[in-house]
1. For peptide A:19-25, what's the mean number of Cβ atoms from other chains within 10 Å of each residue's Cβ?
2. In a GNM of chain B with a 10 Å cut-off on Cα contacts, which of B:Arg103, B:Arg307, B:Arg253 has the highest mean-square fluctuation?
3. Where both residues lie in chain B, what percent of DSSP beta bridges are antiparallel, nearest 5?
4. Only four residue types carry charge here, +1 at the Cβ of Lys and Arg and -1 at the Cβ of Asp and Glu. Report the dipole size of the protein assembly as shown about the Cα centre in Debye, rounded to the nearest 20.
5. Specify which residue in the list A:Leu76, A:Phe215, A:Gly178 is farthest towards the positive end of the charge dipole of chain A, using unit charges on the beta carbon of Lys, Arg (+1) and Asp, Glu (-1), about the Cα centre.
6. Which ordering of A:Thr24, B:Thr8 is given by a fewest-first count of other beta-carbon atoms within 10 Å?
7. Using the Cα centre of the range A:1-130 as the reference point, and only Cβ charges (+1 on K/R, -1 on D/E), how large is the resulting charge dipole? Debye, rounded to the nearest 20.
8. Measuring from centroid to centroid over Cα atoms, what is the spacing of the range B:199-230 and the range B:258-281 in Å?
Amino acid sequence: MKILVCLSKTPDTTAKIAFTDNNTRYDENGVTFILNPYDEWYALVRALELVEAGGGTVTIVTVGLAADDTLIRKGLAIGANDAVRINAQPTSAYFTAYQIAQYAQSENYDAIFLGKETIDYNGAEVGAMLAEMLDMPFTSFANHLDMQGGKAIISRDIEGGTEVVEVEGPFVLSAAKGLAEQRIANMRNIMMAKTKPLKVVEPVAVEDTVVAVNFELPPKKTAVKMIDPENMEELVRLLREEAKVI
Amino acid sequence: MVLVFAETQNGKIKKAALEAVSYGHQTAQVLGSSCTALVLGEAEGMAELGKYGASKVYQVNNPQLRDFDSQVYAGVIANAAQQLGASVVIVNHSANGKSLLGRLSVRLQAGAVSGVNTVPTTTNGFRVRKSVFSGKATAEYEIKTAIKVLSLMGNAVQAVQVGEAVEAVALDVAVPTGRTKVLEVKRIEGKTPLPEADKVVSAGRGMKGPENWGIIEELAEVVGAATACSRPVADVHWRPHHEHVGQTGIAVRPNLYIAIGISGAIQHLAGVNNSKTIVVINKDPEAPFFKAADYGVVGDLFEVVPRLTEAFKKHRAAEG
């Protein structure tokens, strides 16, 4: 199989959340970036497993600037064959999907994998957009995938359960927990990744249809109200009369 | 006109669909427009959507729509939106709704914002808000296209009855063919799915072992809550993985989240930050979860939880 895996960067889970440019942009100053866990742990690793079992190639694609090459090399160290970086700062889900679709449309991939969402903007939009732009089926929140005679059998998370689907032909998949197990690159693979091909392509002009106009931190949480462990009637009373949630 | 895709499950209108129609109605009021609901496939109780603010209810019924395929569903919704002249299209921020939003955005050349939690404002362009960074910040977006598509976060608005039932009318639109076939649906019947739950009782390593979960289930039953757990507990198989709440598990947004014997690691908080009220019960007064809590109880959970269950029972009896 010829598989394309979309990798996005996100701030580390513990990163400070602050905004700049009159609160219209995330302040990246001093922030450590990681590969989005859903992209790295599940989408990339399942793609590698399929290729290891049945042959083929795994290519990474990232929309980002040169500073992101370190993270792309990490993906290569985990096992991808080569990588493509579309040389632009991603400004919206639509922008990102559009750039990847422009690149992928002439490359005849059998499958395109990405994580179910990024852990920063929690949008979950790129996969469906990409599938629509490339006129491919899209299975979201995949927790299991087997290839059987050219067809993909995919189990996906739905509210309160799972759904098993069969997909024919090239497809887009978004990965959830369970699809694969996280892999840690060893030193040899990290060294080898330094010489793997990383192609840089220029973006295609496209206008953003959605712009962030303001980011806000939530109002400071009022201090926790401690309740006497002997007096749970008081807790129930507060939940009813003060919080009004029961 | 505001078009709302009303999700169904097992031939019934979902609770989330009522929220979406309520939201669609409120959005239509802001725009000085009307709200129309769209049902795909067979469903009972479509007329009820009128009560929640849909002035028209349309149904597209076709054997192709029996199972969900984002390619087919998005095609039909987009065709209906164009035929009916919708300026805003609303879906739920659910497993299926998330698979539709991006497709609708591309098909309708419409700007999309996912997981919105407030009614749009129009004084300064068409603006909506959502929670980002796992609940650690709020973002406001402006959509600049003529048509807008939104997915509505669960439990963000209340489903409110505002009108009368409206008889559903068949709508004739082209139904494209898809390449996805549903083979099987496995659902835990009779329980509220965690992402939709209004109340959640969640427990962690402080429980000491899976055999002790009886007190959690009893409390959940009395509160009317779904049960959940922390990652370490799911990892050692004390509880099933579909109960795992957190960064890599399920993100919940209930009105009430009761955390029992969970220390409150940042990865767990990422899954619960959008809860309205958080109660933390832990024997360690230094547990980081207390910083994120509204109400805290320091004590032995094996004593506190049964006491809380009794208090809820009394409250319920008093309410009749």
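1. 1
2. Judging by the Gaussian network model, the answer is B:Arg307.
3. On the way: 11 of 57 bridges.
Percent antiparallel among DSSP bridges in chain B is about 20.
4. Dipole about the Cα centre, nearest 20: 580 debye.
5. Result: A:Leu76.
6. So the residues, fewest neighbours to most, are A:Thr24, B:Thr8.
7. 40
8. The two parts, judged by their Cα centres, are 13 Å apart.
Every number here is computed from the coordinates shown, using simple stated rules; none is lab data. On a predicted model such as this, the values are computed, not experimentally measured, just so you know. Positions of Cβ are backbone-derived with ideal geometry, glycine not excepted, and every protein chain shown enters the neighbour counts.
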